[in-house]
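Heads up: the structure comes next, in C-alpha cells.
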Amino acid sequence: MAAILDPVGVDEARLKAERAADADVLSSLRGNGDCASAVRSIDLRFVGSTSGVSEFSARSADLGFTVIQSVQTPDGETAIDLSVQSDAMPSTIDRLTVNALKIETRFNLRYNGWGTVATKC
C-alpha cells in the first residue's frame, strides 16, 4: 500500500470487531471448499460523501484497488465498490482490513466490508 496510509492509525475496538467478522467469512469460505492461497478478486465497499469517495477513487490505483463502480445510496450518500487481486489467507485479509480501516479514516469514509467467492486450487 502507498505511503499515504502509513501515518494513519486505527481504532483497536473497531479492528477487533472487523477481525471477528473476517473470521466468520473465512470460516464460511473454508466450509465451501475454498483454497485460501488461490489469488482471486476480493471486493470492498466504502460509503460516504461524494467528495470523500471522489478523493479516494482518484488515489485507489495507488493503493492497489480497481474501481468497479460508484453509486448513490438511498440515503443520499455515495458508495464506491472496488476490487483487489489477492489470496484469502488470514494474514492477507488481516492486512487488507487494517488498510481498509486506515482508508476509512484517511478519506472520511465508512468501510462496509469485503467479500469474495470460494475458489478451488
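Every number in this text was worked out from the coordinates using simple rules, so none of it is lab data. Not measured: the values here are computed from a predicted model. Neighbour counts run over all protein chains shown; Cβ positions are idealised from the backbone, glycine included.
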In cubic angstrom per residue, the convex hull of segment 20-121 built on its Cα atoms measures 96 Å³
Nearest-0.05 FRET efficiency for Glu12 and Met89 at R0 = 22 Å, using Cβ-Cβ distance, is 0.45
Here the relative contact order (percent) of the chain, from C-alpha pairs under 8 Å and at least 6 apart, is 42 percent
Counting Lys and Arg as +1 and Asp and Glu as -1 over every other residue whose Cβ sits under 14 Å from the Cβ of Gln72, the net charge comes to -2
Between Thr105 and Thr73, the two model label points (7 Å from Cα along the beta-carbon direction) sit apart by a distance in nm of 2.1 nm
Here the net charge surrounding Thr105, from other residues whose Cβ is less than 15 Å away from its Cβ (Lys, Arg +1; Asp, Glu -1), is -1
With only helices counted (DSSP H, runs n ≥ 4, each -39500 (n - 2.57)), the per-residue ellipticity at 222 nm for the chain, to the nearest 500, works out to -13000 deg cm²/dmol
Computed over the chain: longest principal axis from alpha-carbon atoms vs helix 12-31 long axis, angle to nearest 10 degrees, is 40 degrees
Of all trypsin sites (Lys or Arg not before Pro) in segment 82-121, the ones in DSSP coil with at most 12 other Cβ atoms within 10 Å are Lys120
Looks like segment 1-73, by Cα gyration tensor root eigenvalues a ≥ b ≥ c and the a/c under 1.5 rounded cutoff (else prolate when a/b is bigger than b/c, oblate otherwise), is prolate
Relative to the chain, whose Cα atoms define the longest principal axis, helix 90-106 and its Cα axis are tilted in degrees, nearest 10, by 10 degrees
